[in-house]
There are 2 protein chains.
Amino acid sequence: MPGLAEPVQNLVNALERLPGVGPKTASRLAFYLLQAPEDVSLRLAEALVNLKRSTAFCPQCFNIMLVGQPMCDLCAATQRDETSLCVVEEPLDILVIERTGAFRGRYHVLHGVLSPIEGVGPDDLKIRPLLERVRGGQFKEVILATNPSMEGDATALYLRQQMAGLNLRITRLARGLPVGSDLEYADQNTLLRALAGRQDLL
Amino acid sequence: MPGLAEPVQNLVNALERLPGVGPKTASRLAFYLLQAPEDVSLRLAEALVNLKRSTAFCPQCFNIMLVGQPMCDLCAATQRDETSLCVVEEPLDILVIERTGAFRGRYHVLHGVLSPIEGVGPDDLKIRPLLERVRGGQFKEVILATNPSMEGDATALYLRQQMAGLNLRITRLARGLPVGSDLEYADQNTLLRALAGRQDLL
């Protein structure tokens, strides 16, 4: 881009590699950082450098944990329900569910979903260790909390098949209208699900 | 946040300090970087560290330039129109105008706008060096390209007063309906400006 000093252009390029950050956002951020205290850039740089160096995956649930820990905080916690397991696609999903405060069991991160089109099969995900954990017999319920998408649904179906015959309640998160939404703007699939899953008003 | 390893939380905190990045975007970006090749984080970190160390303000127009250069590329360029000067609020505005390819003169960056409420007066901006440049007599036209906002308008008016008596054409960017927009969605002020500035169809 003419008139853009190289260090700024480098930062714009690096920012553009982030998801959801286009050329305009990248320049806006770069110019913000140019006029912000240097501390803002340096802290971000430090956090970026430390990110992968200081983190590892929990050997049990594959959540993010600090390098050197035997397992992640959630696996190590003693106050949690040992009988229910929530299976999610990504570590971020754990945060989202934890924020609700409505689930107090254990987690398992698949690190993706089955996707034949993109060549992702069962062995590319943390499915084998999941099945081992479940076959251990500790869990009474497994919540398959993959995303309500085609791939998420297919992955949940596959996992249900793999867990067939075990003495387990296998559940999926409810589909329906998002709270605070408007019928008028609901897409047809969501509305179909909301109708099919309608509940008695007690 | 419970369950979030400290290095990830540090990155989320640093990202949240960026404009337009809330807690959700910050976590999404942090978890993206966790699973992306480490190179993505490290390049961004390097660009951030180099940003302020390698850049300075052009002593003439106050655009960004490389440390050690006598002046910025746009001031150094010999092929540009020496008689017109475009005054902008921020260095980013130069990029936006350069991208149009419709202006080939010189620039001057104010580094802000007058804002009595926020305590920004003429001496907090690069107004004195602007007036010196303009009094040099080189320019025939000064385009006051501050933003079409209250502060941008007030700053333009102030600059016009300061430049009164000089043999100069002083202009402001046209107001009106954005190209590709819809009358129905235009706000009243824009529509008023568009009406007042209506042009003969030739």
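Inside the range A:36-53, residues that are buried (at least 17 other Cβ atoms within 10 Å of the Cβ), modelled with pLDDT of 90 or more and under 23 Å from the mean Cα position of the chain (by Cα) make up a count of 6.
Considering each of A:V134, A:V142, A:V113 in turn, give the residue that is of a type outside the set (D, E), in contact with a Gly (Cβ under 7 Å, 6 or more places away or on another chain) and open to solvent by less than 40 Å² (accessible area, probe 1.4 Å). Answer to the selection: A:V113. Of the residues making up the range B:180-202, those that are under 13 Å from B:P148 (Cβ atoms) and surrounded by 10 or more Cβ atoms within 10 Å (Cβ to Cβ) are B:N189, B:T190, B:L192, B:R193, B:A194, B:G197. All of (1) more than 7 Å from every other protein chain (Cβ to nearest Cβ); (2) out of contact with any Ser or Thr (no Cβ under 7 Å at 6 or more places or on another chain); (3) in a helix (DSSP H, G or I) hold for B:V12 with one exception: (2).
Is it the case that A:A5 is of a type outside the set (F, W, Y), more than 7 Å from chain B (Cβ to nearest Cβ), surrounded by 15 or more Cβ atoms within 10 Å (Cβ to Cβ) and closer than 15 Å to B:R53 by Cβ? Criteria not met by A:A5.
When the range A:67-92 is limited to residues that are within 9 Å of another protein chain (Cβ to nearest Cβ) and part of a helix (DSSP H, G or I), the one that is surrounded by the most Cβ atoms within 10 Å (Cβ to Cβ) turns out to be A:P91. In the condition set (1) more than 10 Å from every other protein chain (Cβ to nearest Cβ); (2) open to solvent by less than 60 Å² (accessible area, probe 1.4 Å); (3) free of Cβ contacts under 8 Å to residues at least 12 places away in the same chain, B:T100 is compliant with all but (2).
Taking every residue in the range B:119-141 that is under 22 Å from B:R104 (Cβ atoms) and pairing it with any residue that is assigned to a helix (DSSP H, G or I), at least 6 positions away or on another chain, the pairs with Cβ-Cβ distances below 8 Å are B:L130/B:L159; B:F139/B:R133.
The values are calculated or read from the model by the stated rules, or taken from the named source; none is laboratory data. Computed from a predicted structure; not experimentally measured. All Cβ positions, glycine included, derive from the backbone under ideal geometry; neighbour counts span all protein chains shown. Ligands, DNA and RNA are stripped out before the accessible areas are found, and what is left, the full protein with its side chains, is counted by its heavy atoms. Shrake-Rupley method; radii C 1.70, N 1.55, O 1.52, S 1.80 Å.
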